[in-house]
Structures are given as structure tokens and as C-alpha cells.
Amino acid sequence: MRGLTRAAKRAGEMAFNAGGGAVNWFPGHMAAASRAIRDRLKLADLVIEVRDARIPLSSANEDLQPVLAAKRRILALNKKDLANPNIMNRWLNHFESCKQDCISINAHSSSSVNQLLGLAELKLKEAISKEPTLLIMVVGVPNVGKSALINSIHRIATSRFPVPDKNKRAMVGPLPGVTQDIAGYKIASQPSIYVLDTPGVLVPSIPDMETGLKLALTGAVKDSVVGEERIAKYLLSLLNIRKTPLHWERLVHRRGEVHEETCSHNENDSRDSLRRRRCLNNSDALYVQDLVTEVQRTLCRTCLDYTGNTEEESELESLIDMQLTALRKVFRIPHKPFDETHGPTSKKLLTLFRSGKLGPFILDDLPDEQ
């Protein structure tokens, strides 16, 4: 595992990153938001810090960790459906060993969010005797699912405490020392517990290129800031370093068998239409699963055919360029003369990764395995 960690760090330092120029990760207004959140945190009796389950450490804000750790806090590792479940369990054990409440969630699942709210109410029991009204605040870096979580909480709150106007937010208060109106969603009574309706946006801590690229790969940093091709090359470097494409070798051997089986089958039998469409040719529509399988097969085949030493950075970059060229054909992107860039190919590859179609991944390494 330590070898993988060193190799992953190398992926963040490869020449295609330096060649892309310096990156201004976040605009100035994000820093202002970071300063403002400290004042809002003072109002919260409990903080739900949402992180991306694929990058449990990289999606944190290190500068605010002392402030967050001083409060009642739950780490909610969202998008668990996109993360490797076996490694996810080890991350949960890690945070438990650090005496930090942590739960993996899918913000779009009511049952998952209900489990989170149950844990939050349990954590607040110690404060119940002190305050008649308790506030929960949701915070997190961009694109970790804060808004999706709050929308799910809104639906749950509405089912628990119906209001005439379902679009109207509950007003929280009065609160000592607070003059402005604060809106939230009521999730419990006796005492009243509200989840503030507006999440706090944290600025990610980006100490190095590797962390920045992980955030870009998972969507916390806009693609335009880093460049889609740069992010796609980082993704392919990680996959190749971890030997992930070799896990798809069975698809290379299955291709001939599936082709022969499906093409010889009775084409008038509508029940076999799904298998028939696997007989790919230039006139067939590429369905999503067919496309994913072909992408995985192509990445594996290029790895198996490549004779260079991928321990050498220049050789690994050559393999990545070969893979992007091969994927252009898979995605049916026309080649333009004198254009050696891979922008459209990169965009389609990133879409498949971010939607979980290429499989579940966790990009961060556990601290005790580095």
C-alpha cells in the first residue's frame, strides 16, 4: 500500500501537470466565504461536515478543522455509492479510532439521511436540557452534496411536521444575540431541532498538486480551472499505477465469445434484443453499458499491449496518450487534422468516472497505510 501511495503522489507530480501551468484553484470570493462561515458556526449546536466518500481527507478544510473539532460534529461521507465499500469500512474504523463520529451516506436516499439525522439527534441529547431550540449546520467544500442533503432533509422535515406551504421555510428563533431571521427545517420537537437551510461552503485546503487534482477529478474544482485533459490524464495515471485496467482482462477475452454468441442468435427473437446489441459495429447505437465495457476493454488492451516500462514517467505518459487516442475511437470522436488534443475524449471519460460507471473508487489513502 505504501508503494501505491508513493506512486499516486508521483501521478500528481507528472510532467503533464507542470506543463499545464500554475493553477489558481479558487477565486477571491471563496476566501470571503471562508471568513464569514466562522461567525455562522458560532450559532450551531452541531455541525454536519459533508465530505466526498472518494476523498475523505482531501475534501476537508484543514484551516477550519480546529474550529469544527471544538464543536459537536458528525462527518458525513457522501456519495458512498461511488466509493469502494470495503475500503469505506476501513475509513469508518479509522475515524472511529480517532474518536470522531462518522457515517457514510447517500444524500439522495431518505433512509440514509434518516440514519444521519438519528445520529445527530443522539449527539444533541447532551444539550437538550440546556437549550429549548437547537441548530444543526451543514458545511462542506463545493460539490460534495450539501444541497442534495439539505433537500432530502427538507422532504423528511415536511413529512414529520407538515406545513401549509411546503415551499416555505420554518423561521428559527428567537435566539440570544441573533438579530437577523434564520431559516431552517424542523426535524424534531421537545426540544425543537432545526437544520439551517443554507449550507456553509468551505474552501478546500490544497497544499499540493495531487490534492488539487483529486478535488478536480471529483468535481469540487471546476474543470475550466484545471483543464479537462489534465484531469483525465491524472485519472489514467492513477488507474495505470494501481493496475486497475488489468482487473478488466476478462472483458478482452470475452469479446469474441459474446460477439459470436449474439450475432448467431435468432434476430427475430425480441427477448434477446439486449444481447444482440452487444454485436457492435459502426451502425449500432452505443448503449451506456456497452460503452463502459468497451472503455474498460480498451484500457486493459492498451496496458497488455504496451511494452514500455511504466515505472518511468515518460513511458507512463506515452501509455496515457495511447489510451486517449484509442478512447477517441471508442467514443466515436472525429479526428481533426493537426489537432493532437484530447478535450472531447477527456470530457466523456470524466463523465463515466464521476457517475461511477467505471466502478467504485476511493482516491485517498488511509493515514496509517501511507
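Mind listing the long-range amide H neighbours of Val221? Cut-off is under 5 Å, sequence gap 5 or more, other chains count too, H placed in the peptide plane at 1.01 Å from N. Correct list: Ala216.
3J(HN,Hα) along segment 311-323, derived from phi through the Karplus expression 6.51 cos²θ - 1.76 cosθ + 1.60 where θ = phi - 60°, amounts to 5, 8, 4, 5, 5, 5, 5, 5, 4, 4, 4, 4, 5 Hz, with x in place of Gly and Pro.
Between amide H atoms placed 1.01 Å from N, distances below 5 Å from Gly200 occur with Val138, Val139, Gly140, all of them 5 or more places distant or on a separate chain.
Semi-axes of the equivalent ellipsoid for segment 193-232, please: Cα gyration tensor eigenvalues, times 5, square-rooted, ordered largest first, whole Å. Don't skip to the answer; put the middle values down first.
On the way: eigenvalues 148, 28, 11 Å².
So the three semi-axes of segment 193-232 are 27, 12, 7 Å.
Taking segment 52-136 on its own, what percent of its Cα-Cα pair distances exceed 18 Å? Beyond 18 Å sits 49 percent of the P(r) for segment 52-136.
Could you sort Ser97, Ser205, Ser346 by their accessible area in this structure, using a 1.4 Å probe and putting the largest first? Show your work: numbers first, answer last.
On the way: Ser97 85, Ser205 25, Ser346 0 Å².
Descending order: Ser97, Ser205, Ser346.
Using θ = phi - 60° in the Karplus curve 6.51 cos²θ - 1.76 cosθ + 1.60, the 3J(HN,Hα) couplings for segment 237-253 round to 5, 5, 4, 5, 5, 7, 6, 4, x, 5, 6, 9, 4, 4, 5, 5, 6 Hz; x is entered for Gly and Pro.
When the Kirkwood radius is taken over all Cα pairs of segment 288-330, what Stokes-Einstein diffusion coefficient follows at 4 °C and 1.567 mPa s, in µm²/s?
121
Lys347 to His253: extension gain in nm, 0.36 nm per residue of separation minus the Cα-Cα distance? Please report the intermediate quantities before stating the final value.
Working: separation 94, 0.36 × 94 = 33.84 nm, distance 2.79 nm.
Full-extension gain reported as 31.1 nm.
Looking at this model, which pairs from Lys233/Lys357; Lys123/Lys214; Lys71/Lys146; Lys186/Lys214; Lys80/Lys347 are more than 28 angstrom apart at the alpha-carbon? Exceeds cut-off: Lys123/Lys214; Lys186/Lys214.
The values are calculated or read from the model by the stated rules, or taken from the named source; none is laboratory data. These figures come from a predicted structure and were not determined experimentally. For the accessible areas, the whole protein counts, side chains as well, though only heavy atoms, and no ligand, DNA or RNA atoms are used. Shrake-Rupley method; radii C 1.70, N 1.55, O 1.52, S 1.80 Å.
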